[in-house]
Every structure is written in C-alpha cells, then in structure tokens.
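Engineer: Pasting in a structure now, in structure tokens, and then I'll have a few things to ask.
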Amino acid sequence: MRYHQAVHDVPLMFEGCESGPDDDLEDEVRAALPEYLLRTSLMLPDLAEREVVKHFVNLSQMNFGVDNGFYPLGSCTMKYNPKICDEVSAWDTVSNLHPLQDVSTVQGALQVMAELEDMLCEIGGVDAVTLQPAAGAHGEFTGMHIVRAYHESRAEVRKEVILPETAHGTNPASAAMVGYDVLDLPSKDGCVEIEALKAAVSDDTAAFMLTNPNTLGLFERDVEEIAKIIHEAGALLYYDGANLNAIMGKTSPGKMDFDIVHFNLHKTFATPHGGGGPGAGPVGVKKLLEEFLPVPRIVRGDGVYSLDHDRPRSIGKVKSFFGNFAVLVRAHAYIVMKGGKGLERVSEEAVLNSNYLKEQLKDLFDMPYGDLRKHEFVLSGSVLKKRGVRTMDFAKRLLDYGFHAPTVYFPLIIDEALMIEPTESETKDTLDAFAEACRRIMSEDPELLRSAPHSAARSRIDEVKAARDMVLSWRGYLKKSDATISRA
Ligand SMILES: *Cc1c(COP(=O)(O)O)cnc(C)c1O
C-alpha cells in the first residue's frame, strides 16, 4: 500500500490579501465609466496568477477525482472524462459566445444543440428533447411539471406519484416539489412487484417513476407489463436515466414504453460531475408530450436555426437561456466520438466489468438477490457488523489503498449497503487490484478500519454538518463567523 495524499497548508484566497481590484482602476477608465457602475464593495481577492495556480493545484492534490484513481461510486457512473471534450468546449467558438447574441450569429451553436437533441432522441427512443435542465434531479422536476401539464390539459387532477422503494432520493423529492403525494411501492426480490403495483394504481395516479436497470443493478424484466398497467390507468411512465450506461444500443426507455426520460450527461456521456454542477439533465418525451417542453425550442427551417417561444402549452422555462452549453458541447463531442456502435460497446463493457468484479467480491460479502447484474451491484456489509465494523469504515479504509469509496447505505432496502459501479473505463488490472484491497481489508484489525482513512489529507469529516451547514462564499463565511466586513 503506497498511496498517500498530499497535505498542504492552504489558506483561503481571501485570507491575508487585499481585496477589490476595482480600487486599482486607472483614472481614465474610472472617468469613462458611469457613476452607477462604479462598485465600491466588490469583494475579490487581489492575487497574482501564480498565487491562484498554486492555491488550486495544492487543493487538488488533497482531493480524489476520476483522473487520479478508481472511483466506483455506485449509481453516479464516475467514468473517465476524455480530455478532447474539454478541449472542444474551450474553443473560442464555444466559450466566447454570449447567450443574448442574435441567433443569426450563433447558428453553429444552435446546430450543435439540435444535433445533440437528435442523438439523445435516438439513444433514448423518444421523439423530442429539451437540453435546459441542469442535472438529473432538475430533469425529474421538469418531467414532473410535464406530467402535471399533461393531466391538466385533459382536465384531470391526479395527486399521486408512485415509485419503488429502490428509487433514488431525488425521485420522491422531485415529485413532492411539484406538489404530488408520493407512494412508496414495496419490492419483491429487488424488483417491482406487479401485484403490489396493480393494487397501488388508481385514477389518482399521475405517474410511476422507475430506473431500469434499477439501483440494485437488476433489470426490471416486467417493464412491459408495468408500462401496460400504468398506461391503462391513464398515468405516465417516467424513466430515471441515471442507469442508462447499462443499456445503450441494447434497448432504450422509448422501446420499454416510457413516456418521459431524463439523461444525466455527467454520468452516461462523460461530462464532469463538478461538485453538484454545472451538469446537464436533458429531458426526452414521446410525441404526445412534446408541446409541454420548456421554451424556447430550437427549430430549423430553410437551413436556418431559430428559437420558437410561441408554445402556449409549454411549462415555461426551467433554466436561463439554453442550459449549460459548455457541458452540452462536451456530451456532443463524446457521442460523436463513440458513435452508435461505440456507445453499445460502452454498455457491454460497463456490464462486463461490473459482473467481473461482482464475482470476485460476492463471497467476501453477502449479495442479496443473487444472479447477474447490469452496470453495478450492491453488496451487504452485514458480515462486517459481526466484527464491530460498519460499511462506512470499510469504505473509508479503501481510500488508504488509493481507491475512492463506493456508495454506502443506498439503496435503503439492503442492510449496510455497498454499491459498486466500476464503469467501462477501468482496466482488468485495476479491478483486480481493487478486489485484492477488499480482501486484505477484510482481514485487517477492526480498529484500523474504524479510524480510517490514515493516508488521506483529511480524516473523517462531519458529512451531515457539511451538507446541512454549507458556507459557500467568503461573504457567507464572514456572516457566519460574525466578523465585520472591513475594507482597506
Ligand atoms: C444520480 C442519480 C439521480 C440524480 O441525478 P443528478 O444528476 O445527480 O441530479 C437520480 N437517480 C439516480 C438513480 C441517480 O443515480
């Protein structure tokens, strides 16, 4: 075990430096600016480029990312992000556009977006796509608004959204945010139980949200039957596209009879996850729902692209301008680079890697609901409990071996869950090394695990506090620490 993270003493950029480059404005620049544009309270650290580079490079060495190691964080599809996609998105013709430019000057950008919409339609088996939503969860939120608009257009009020108990937490949250009551459906052998679904649907069912393969990595074989039950009840079927990496080219949400789908570009299509954003979660729909998509729609006539705002039944806008354009460009580059056959191969290798690793680990842990998995699998760390060790301890110990921790304690129906998704981008050697590390950790002193990680820049942090008590800016930090804002 030779992994060790760097530790740097990195102060905040604001600490110990003057702020406000606006103070340095040259007299003639100052004179040329209207009075009301002269800001006096602009709080920015006044640092040389060299200092900024040092700051961020040092910080990056104290972190773990997809570029420096295996990152099997289940459900998140932390695949390698090819650098060519970053390069393309940095081109002048991409990064120097302004969203308020006249459409005649951004025809190329509109073409890239229209092409991406078309490619996602084909991959997803849907008829129309909006690129606006900024994440998968935002796509769900958009999709639920479309569900509501659809039922309203039929003069129906439906109050309930059903989802299986393996659902990701964002699913119930999105449905609730749009005002729906959420009904949790119990599973059988890890999959939707048809009889329970039949008993749950009613005139009040607005939609059923499902991901397939589900979060256990199991393919819901009864999906056609599920679609039939939902549609006969007059409800819509929503596809959570987070697990699309398992099925590309083999089937599609459209073929499985889903009506609405979101794509997590930062998962399946190799764009950066970026600490919660910016990402992109385009939403695709079948023909009957196209009129409800957000405005503006990109339309083409006589070889010219334009923006159509005149859509009376649209749910409106869900994001400013076009969504996260630089992210969309990266996904476009990735899809074009892979091609249809390439994407199919991505899914084949993701599933192969997952099953290869599962075979190596399944005897070390419990694996409920046996059998083959798709792109990810979930183990139960309940065997560890007997030794006084939790799944979280095991996960943290993996960091000492240079591997990012898998997802833990999700899905909720598995005790001490450990959710592993290797993705297609790792070599057999990496998978073998990971399995070997797991084997070794299993025979280590429990105390070593409980106090892990030992080789990371930081030991355990208070994750609940970090999520609930966020301080995201210097201004917020000052507010919180009750310090007075003083400016030179
Ligand atoms: C990641 C994920 C989501 C949410 O997507 P974000 O892009 O992170 O908002 C929803 N469902 C599942 C199953 C996921 O893995």
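None of the figures in this text is laboratory data; all of them are computed from the coordinates on show. Because the structure is a prediction, the values reported are computed rather than measured. Please note: Cβ atoms are built from the backbone with ideal geometry, for glycine as well, and neighbour counts cover all protein chains shown.
Engineer: Could you give the semi-axes, largest first, of the ellipsoid that matches region 101-209, computed as the square roots of 5 times the alpha carbon gyration tensor eigenvalues and rounded to whole Å?
Structural biologist: On the way: eigenvalues 214, 55, 33 Å².
Ellipsoid semi-axes (Å, largest first): 33, 17, 13.
Engineer: Using alpha-carbon pairs under 8 Å, 6+ residues apart, how would you state the relative contact order of the chain in percent?
Structural biologist: 19 percent
Engineer: Would you calculate the separation in nanometres between label points at K188 and I461, each defined as 7 Å from the Cα along the Cα-to-beta-carbon direction?
Structural biologist: Computed distance between label sites K188 and I461 equals 4.4 nm.
Engineer: At a threshold of 8 angstrom on Cα-Cα distance, excluding pairs fewer than six apart, so keeping six or more, what relative contact order does region 347-466 reach in percent?
Structural biologist: On the way: 180 pairs, mean separation 35.3, N = 120.
Relative contact order, region 347-466: 29 percent.
Engineer: Could you tell me the center-to-center distance, by alpha carbons, between region 210-275 and region 303-342 in angstrom?
Structural biologist: 20 Å
Engineer: While we're here: Can you give the calculated 222 nm mean residue ellipticity of the chain, where each DSSP H run of n ≥ 4 adds -39,500 (n - 2.57) and the sum is split over every residue, rounded to the nearest 500 deg cm²/dmol?
Structural biologist: Value at 222 nm, helices only: -11000 deg cm²/dmol.
Engineer: Follow-up question, since we're still on this one. Sort W91, W474 by Cβ crowding within 10 Å, fewest neighbours at the top.
Structural biologist: W91, W474
Engineer: When the dipole is taken about the Cα centre of region 267-335, and only Lys, Arg (+1) and Asp, Glu (-1) are charged at their Cβ, what size is it in debye, to the nearest 20?
Structural biologist: For region 267-335, the charge dipole is close to 220 debye.
Engineer: Let me ask another. Could you work out the Kirkwood radius for region 347-466, taking every pair of different alpha carbons, averaging 1/r and inverting it, reported in Å?
Structural biologist: 14.7 Å
Engineer: Report for the chain the percent antiparallel among DSSP-assigned beta bridges with both residues inside it, nearest 5.
Structural biologist: Counting only bridges with both partners in the chain, antiparallel ones make up about 60 percent.
Engineer: Still on this model: Contact order normalised by length for region 142-282, with contacts defined as Cα pairs under 8 Å and 6 or more residues apart; what percent is it? Please list the in-between numbers first.
Structural biologist: Details: 226 pairs, mean separation 27.8, N = 141.
Relative CO of region 142-282 lands at 20 percent.
Engineer: Now for a separate question. In whole angstrom, how long is each semi-axis of the equivalent ellipsoid of the chain, when you take the square root of 5 times every eigenvalue of its Cα gyration tensor and sort them from largest down?
Structural biologist: Semi-axes from the Cα gyration tensor: 37, 35, 22 Å.
Engineer: What FRET efficiency comes out for the pair L97/K480, r = Cβ-Cβ distance, R0 = 30 Å, nearest 0.05?
Structural biologist: Rounded to the nearest 0.05, the efficiency is 0.20.
Engineer: Okay, next question. May I ask you to order 365-374, 456-465 by the average number of other C-beta atoms within 10 Å around their residues, highest value first?
Structural biologist: Values: 365-374: 16.6, 456-465: 11.2.
Put in order of decreasing packing, that is 365-374, 456-465.
Engineer: Taking other Cβ within 10 Å of each residue's Cβ, how do T271, T430, T166 sort, fewest first?
Structural biologist: Working: T271 27, T430 17, T166 24.
Fewest-to-most ranking of T271, T430, T166: T430, T166, T271.
Engineer: Next question. Over region 273-327, what per residue volume does the convex hull of the Cα atoms give, in whole Å³?
Structural biologist: Here the figure is 112 Å³ per residue.
Engineer: If I stretch the segment between R2 and R30 completely, what's the gain in nm (0.36 nm per residue apart, minus their alpha carbon distance), one decimal? Don't skip to the answer; put the middle values down first.
Structural biologist: Details: separation 28, 0.36 × 28 = 10.08 nm, distance 5.58 nm.
Extra length available between R2 and R30 comes to 4.5 nm.
Engineer: A further question follows. Can you pull the semi-axes for region 54-135, root of five times each eigenvalue of the Cα gyration tensor, sorted largest first, whole Å?
Structural biologist: 30, 21, 11
Engineer: Which peptide among 190-196, 170-176 comes first, and what is the full order, when sorted by highest mean count of other Cβ atoms within 10 Å?
Structural biologist: For the peptides 190-196, 170-176, the packing ranking is 170-176, 190-196.
Engineer: To continue, here is another question. How do 224-231, 124-131 rank on mean C-beta neighbours within 10 Å, highest first?
Structural biologist: Numbers: 224-231: 17.1, 124-131: 22.9.
Result, highest mean Cβ count within 10 Å first: 124-131, 224-231.
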